[in-house]
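**Q** There's a structure below that I have some questions on.
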Amino acid sequence: VAALGARLTGVPPERLEAGGRPHLRWRLGAGDRVLLLGHFDTVWPVGALATHPFAVTGGRMTGPGCFDMKAGLVQIFHALALLDDPDGVTVLATSDEETGSGTSRALVEAEARRVGAVLVLEASEDGALKTARKGVSTYDLRIGGKAAHAGLEPHRGVNAAVELAHQIQAVAALGDPAAGTSVTPTVVSAGTTRNTVPDAADLLVDVRAATTAEQFRVDTAVRALRPALPGARLEVTGGPDRAPLQETSSADLFALAARLYGDLGLGTLRSAAVGGGSDGNLTAGVGTPTLDGLGAVGGGAHADHEHVIVAELPHRTALLAALVRELTARPPGPPPAEPDAARTRDHVGGTA
């Protein structure tokens, strides 16, 4: 990635180490107008090329991570190569987006605060740009009970598995489909042996919400959960992790992109609101206008049928170059105001 970017921009990247992981940053001029954001990690394990080799067949590119999102990185550097003087651009390529941006989050947010706009090169199903993404919250419910022999004296125990069943029902009831809020129990565990009343259980929960108000409603409700069985104990950790990318953050950038797309003779650009999160949630969360989904057109992210439509690569690259040209020509504005939800993220993400 570093070699490709250096060859096409003429500028070597800074290698930024955080938590033992490498991230790459290019500064073109002051780098204070627009941030081009992507990641070079994938969900595919080492060795996946043996079963999913890179190939281009019938106009479709396949291979692990081609769609999410290695093609987007290629588009970034080729778009910049189309520009005479891309002054005011920062490129940030991180290595841990797929695992939650644990080491790069602070870097992503800091870079977003420096610029007037963020363009995210995540992939695009069916070509629609992502103008809204749901916010993400995650929780771990740890349940304590009391062990006892399941045959001799089960009444002397406190069954953590039964308590777990109560909590699963309570958590699942917090969703609100009409508001676009899903609260999903995902991973459960309880017990050690067949003939022992379980003294511990664990429940992981995934929450997606279209608004910060819904995120905090669910957060309040999860923290208000109480054990249903006498003698059971409940500990809740986690909280809101990524604020929603709301359409108000992307509306002006999408209108600009749609106009430029038409000017390029590429037709009508479409938008979509999706449930999955990205680092675009982080940049929107600090108040910077953000447009996501500018990367490859294709499908099958994280799946065996992951693919890129090759013919769309030059179209999306031309659109990205036009957006950067337009945004860097504008005078710099004031730094973005950070929303209250982003400022309180660390507080609500603690232990209850």
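The values are calculated or read from the model by the stated rules, or taken from the named source; none is laboratory data. Nothing here was measured: the structure is a model prediction, and the numbers come from that model. Ligands, DNA and RNA are stripped out before the accessible areas are found, and what is left, the full protein with its side chains, is counted by its heavy atoms. Shrake-Rupley method; radii C 1.70, N 1.55, O 1.52, S 1.80 Å.
**Q** For the range 211-223, just list the computed ³J(HN,Hα) in residue order, Karplus coefficients 6.51, -1.76 and 1.60, θ = phi - 60°, integers in Hz, with x standing in for Gly and Pro.
**A** 9, 5, 4, 5, 4, 6, 4, 5, 4, 4, 5, 5, 6
**Q** Report, in degrees rounded to the nearest 10, the 0 to 90 angle that the Cα long axis of helix 160-172 makes with the longest principal axis of the chain.
**A** Tilt of helix 160-172: around 40 degrees.
**Q** Over the range 135-242, what lengths in whole Å, largest first, do the semi-axes of the equivalent ellipsoid take, defined as the square roots of 5 times the eigenvalues of the alpha-carbon gyration tensor? Display every interim value, and only then the final one.
**A** On the way: eigenvalues 184, 25, 21 Å².
Gyration-tensor ellipsoid for the range 135-242: 30, 11, 10 Å.
**Q** Round to the nearest 10 and report in Å² the accessible area of Lys146, as given by a 1.4 Å probe over the protein chains' heavy atoms.
**A** Counting only protein heavy atoms, Lys146 exposes about 120 Å² to solvent.
**Q** A follow-up question, please. I want to verify a result. In a Gaussian network model of the chain, Cα cutoff 10 Å, which of these has the top mean-square fluctuation: Glu111, Glu306, Glu122?
**A** With Cα springs under 10 Å in the chain, the top fluctuation among Glu111, Glu306, Glu122 is at Glu306.
**Q** Same structure, new question: Could you sort Ile309, Ile143 by their accessible area in this structure, using a 1.4 Å probe and putting the largest first? Each step should come with its number before you reach the end.
**A** Working: Ile309 55, Ile143 5 Å².
The ranking, largest first, comes out as Ile309, Ile143.
**Q** Under the rule of at least 5 residues apart or a separate chain, name every residue whose amide H is placed under 5 Å from the amide H of Asp176.
**A** Thr181, Ser182, Val183
**Q** Still on this structure, please answer the following. Heads up, I need the accessible area for Asp202: 1.4 angstrom probe, whole protein in place, Å², nearest 10.
**A** Here the accessible area works out near 40 Å².
**Q** Hey, what's the range 135-242 come to in accessible area per residue, 1.4 Å probe, Å²? List each step's numbers first, then the result.
**A** Values: 5280 Å² over 108 residues.
In whole numbers, the range 135-242 has 49 Å² accessible per residue.
**Q** Also: Which of Asn281, Asn159, Asn195 ends up with the largest GNM mean-square fluctuation for the chain, with Cα atoms connected below 10 Å?
**A** The residue with the greatest mean-square fluctuation here is Asn195.
**Q** For the range 122-193, report the % of Cα-Cα distances exceeding 16 Å. All intermediate terms of the calculation are to be shown ahead of the outcome.
**A** On the way: 1657 of 2556 pairs.
Counting every Cα pair in the range 122-193, those more than 16 Å apart make up 65 percent.
**Q** Hey, if we sort His39, His315 by accessible area with the 1.4 Å probe, largest down, what's the order? Intermediate results must be reported in sequence, preceding the final value.
**A** On the way: His39 5, His315 70 Å².
Per-residue accessible area, sorted high to low, gives His315, His39.
**Q** Same structure, new question: Rg to Rh ratio, the chain, alpha-carbon atoms and Kirkwood radius?
**A** Values: Rg = 23.0 Å, Rh = 21.9 Å.
Radius of gyration over Kirkwood radius for the chain works out to 1.05.
**Q** I would also like to ask the following. Relative to 2.2 N^0.38 Å, what does the C-alpha radius of gyration of the range 26-164 come to as a ratio? Two decimals please. Please list the in-between numbers first.
**A** Numbers: Rg = 23.1 Å, N = 139, 2.2 N^0.38 = 14.3 Å.
Compactness ratio reported: 1.61.
**Q** Now a separate question. Counting DSSP beta bridges in the chain, what percent are antiparallel, to the nearest 5?
**A** 75
**Q** Given a 10 angstrom Cα cut-off, can you work out which residue in Gly58, Gly145, Gly293 is the most mobile in a GNM of the chain?
**A** Maximum fluctuation in the GNM of the chain, among the listed residues, is at Gly58.
**Q** I've got another one for you. So how far, in whole Å, is the C-alpha centre of the range 44-109 from the one of the range 229-246?
**A** Between the Cα centre of the range 44-109 and that of the range 229-246, the gap is 32 Å.
**Q** Moving on to the next point. Ordering Leu4, Leu245 by accessible area with a probe of 1.4 Å, largest first, what comes out? The partial results should precede the final answer.
**A** Numbers: Leu4 45, Leu245 0 Å².
Of Leu4, Leu245, the descending order of accessible area is Leu4, Leu245.
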